[in-house]
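The values are calculated or read from the model by the stated rules, or taken from the named source; none is laboratory data. Worth saying up front: this structure is predicted, and the values here are computed from it rather than measured. Cβ sites come from the backbone with ideal geometry, for glycine too, and all protein chains shown count toward neighbours. Just the protein is used for accessible areas: all its heavy atoms, side chains included, with ligands, DNA and RNA removed. Shrake-Rupley method; radii C 1.70, N 1.55, O 1.52, S 1.80 Å.
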Amino acid sequence: MSVHWIPGNDFKLLENGEAFFPRVFEAISQARGEVLVETFILFDDKVGQELREVLIAAAGRGVRVNLLVDGYGSEGLSDDFIGGMTDAGVVVQAFDPRARVFGKRINVFRRMHRKIVVIDGEIAFVGGINFSADHLGDFGPQAKQDYAVEVHGPIVGEIHRFALRALEPPRRRRWWGRRSHAATNPPKAGSAEAMFVVRDNHRHHTDIERHYRAAIRLARHDVIVANAYFFPGYRLLREMRNAAKRGVRVRLILQGEADMPIVPVAARMLYDYLTAAGVQIYEYCERPLHGKVASVDDTWTTVGSSNLDPLSLALNLEANVMIRDRAFAGVLNERLEWLIDNHCRQPEAAPPGSRKLRRLFFGVFVYHFLRLYPSWSGWLPAHQPRLQALRPKGDVIATDSESSGKVEGEEEVPADPNPEDAGSAQSQDPQSRQSRSQEAASRRAQSQDVAARHAQPRDAIPHDAEVRNERKTA
C-alpha cells in the first residue's frame, strides 16, 4: 500500500457492469503475461461464465492467471465451473471457505471484500463491482448501482505488489523463493496523484476511515458521499456535522431502494443527528445503491470496496484508491449530481413530540450496540482465516490445504494436509481413476476451444500531515 501521494496517474470512471465488465474482459483478453483477480462475489451466471471463459483463454495462451474469491461471498461454485479453470492452468483460491452449520453460513465476519484486477502489472481495476449479473441493468429492479475505476500509471505498481502478496502462499514469498514475475513500475500516464489504501486486521485497521475523516475535516465548500451501507462510527459522523456547521455543503446519497431491509432502518437512525447540523440526505430510489465513492471540494475523491458500516470499517478486508485530480473529480461529481437530480428523494423530517423522543432514544441505543458489536466479536477467540486452493472433487467447493497461506493483514497459517482426502484418493479403483482422467481430458479440450475463440482481442485532498494526525487520534 502507498503511504504517500504518487503522481502521474490516469483514472477512468466505470459506472455499473455495462461499463466495467466489457473493459475488464477486453483487458484480460489482451493480457500477455499475468492476470490477477480478487472479488468478493463470483456467481455462475452470464457474467461469471464470461469471466471464466476469458481466464481460461488467457491461461491457454500461457498467461499466468490467479483468481481469488471469498469463501462466503462466492459459496456454491460448482465442480464444472471450477474444474474448467483449474484444468486450463488457472490458479483458483478461496479466502476462508467454511462448511455450513445446520444449513447456515456462520463465517460472516472477517471477509475478503476487495474487488481488484491487475493485468500485466500495467492496468488495474479497483471498485465495488462484483462479478455477477446483478450489476447489469437487465437484471431487473434489483440491479445494483455501482462504480469502479480503470487505473494507469505508477500507482498500478503499488496495487500489483499488494495483489501478488495477497494471492501467494507465504512459502513462495520467502527471500529464497520469490516469484520471478516481480511487481512492475509502470511509467507516468497522467496528472492525477493517488494512494492505494487498504483495511485489514493486522496493521491497517482504520486507514480508509482516517482518510475519509481527514478529507472531510479539510473540506472548504462541498462534500458528497455515496455509500450503500452507511452506519459509521462517531468520529466520522462528527466530522460530517462539523463540516456542515462551518458552512460546507455536505450531501449523503444512501439507499432508498434497499437490497436488505436492515440497511435503511440502520441508516435512518442517524438522520436526525446529521440533519440537525445541516447535513443533506438523499435516498437513491431507482434501484439498490451499491457504490462506495466520495468527493471533496472537486479535488479529492475515493472509489473502492469499503462501505461505511461496522463490517467494512472494523472487520472486512477492503481496498480503496484515493485520488487528487480535478478532471476525475469533475466526472464523478457530474454522475453523482445526476443521481441526486433524477433518482433521489429527501426523507421526511422527524415526527414531532414524543415520537421524536422515542425515535431518538431508540436510535442512540441501537446505534451504540450495532456499532460496537463487530469489535466485541473480534475480541473473542476465533480461527485464523486461510487462503485455500480450489479444485473439483464432485462437491460444491473443495480445498487444497497445502496451498493455505497468509493474506495481507492476516497471520500466517501453517499447511494442514487432510489425511482423509489422501486416503480416499489412494483407495480409488482403476475404473474410477480412468473416469476422472477422461473428465479432466474433456475439460482440457473444452478450455482449448475457449482459448481459440478468445485468441484475438475482444470488441467489445487531505495532506499527508493530516492523515498522520488521524493515526495518532484513531
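Things worth noting here:
- Cα centre as origin, Lys/Arg/Asp/Glu Cβ charges: the range 180-256 dipole, Debye: 460 debye
- Where trypsin sites (Lys or Arg not before Pro) fall in DSSP loop in the range 1-68, at most 16 other Cβ within 10 Å: 32, 61
- Solvent-accessible heavy-atom area per residue, rounded to whole Å², over the range 219-261 at 1.4 Å: 36 Å²
- Accessible surface calculations at 1.4 Å, restricted to protein heavy atoms, place the range 60-116 at 37 Å² per residue.
- Flagged links, alpha-carbon separation over 21 Å, of 12/188; 104/292; 115/188; 144/292: 104/292; 115/188
- Residue-level accessible surface for residue 275, protein heavy atoms, 1.4 Å, Å²: 70 Å²
- Restricting the GluC sites (Glu not before Pro) of the range 31-96 to loop positions (DSSP other than H, G, I, E, B) with no more than 11 neighbouring Cβ atoms within 10 Å leaves nothing.
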